[in-house]
Amino acid sequence: MKKIERIRVYHNSLEEMRATINELIEQGYSENTRVSVSGLALYKERGLRDFEIEVLKEKHPDLIIHQDKEGWLSDGYFIYCTEHEREIK
């Protein structure tokens, strides 16, 4: 039976995210495994509620929580987030 290690990674910017994903791939992790129902890769976690923001700030004090541009399509606050996995031997 294969054992899979899954990690969730928070990023402060798109540039940081790209660099971190490349590093993770070199370490044997997969590309981002967060996908929508239709199979599109998800890189933003949107629509954060106040309590979620508080928990993130407490657990990850250096994480930048971004605010969406104002408008009718705005989801409020978001973070850059990816998930990766690799097989454990």
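The values are calculated or read from the model by the stated rules, or taken from the named source; none is laboratory data. In this text, all values refer to a predicted model and were calculated from it rather than measured experimentally. Glycine also receives a Cβ, built like all others from the backbone with ideal geometry; neighbour counts cover every protein chain displayed.
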Please list, ordered by first then second residue, the pairs with beta carbon atoms under 9 Å, 6 or more apart or interchain, first in the range 32-52 and touching a residue at least 12 places away in the same chain (Cβ under 8 Å) and among the β-branched types (Val, Ile, Thr), second in a strand (DSSP E or B) and surrounded by 10 or more Cβ atoms within 10 Å (Cβ to Cβ). Thr33/Arg6; Thr33/Ala41; Thr33/Thr82; Thr33/Glu83; Thr33/His84; Thr33/Glu85
Which residues, taken from the range 32-64, are more than 20 Å from Ser74 (Cα to Cα), assigned to a loop (DSSP other than H, G, I, E, B) and under 12 Å from the mean Cα position of the chain (by Cα)? Asn32, Thr33, Arg34, Leu63
Collect the residues in the range 12-41 that are touching a Lys or Arg at 6+ places or on another chain (Cβ under 9 Å) and modelled with pLDDT under 90, keeping them in residue-number order. Ala41
Please give the number of the condition Tyr80 fails out of (1) surrounded by 13 or more Cβ atoms within 10 Å (Cβ to Cβ); (2) over 15 Å from the mean Cα position of the chain (by Cα); (3) in a strand (DSSP E or B). (2)
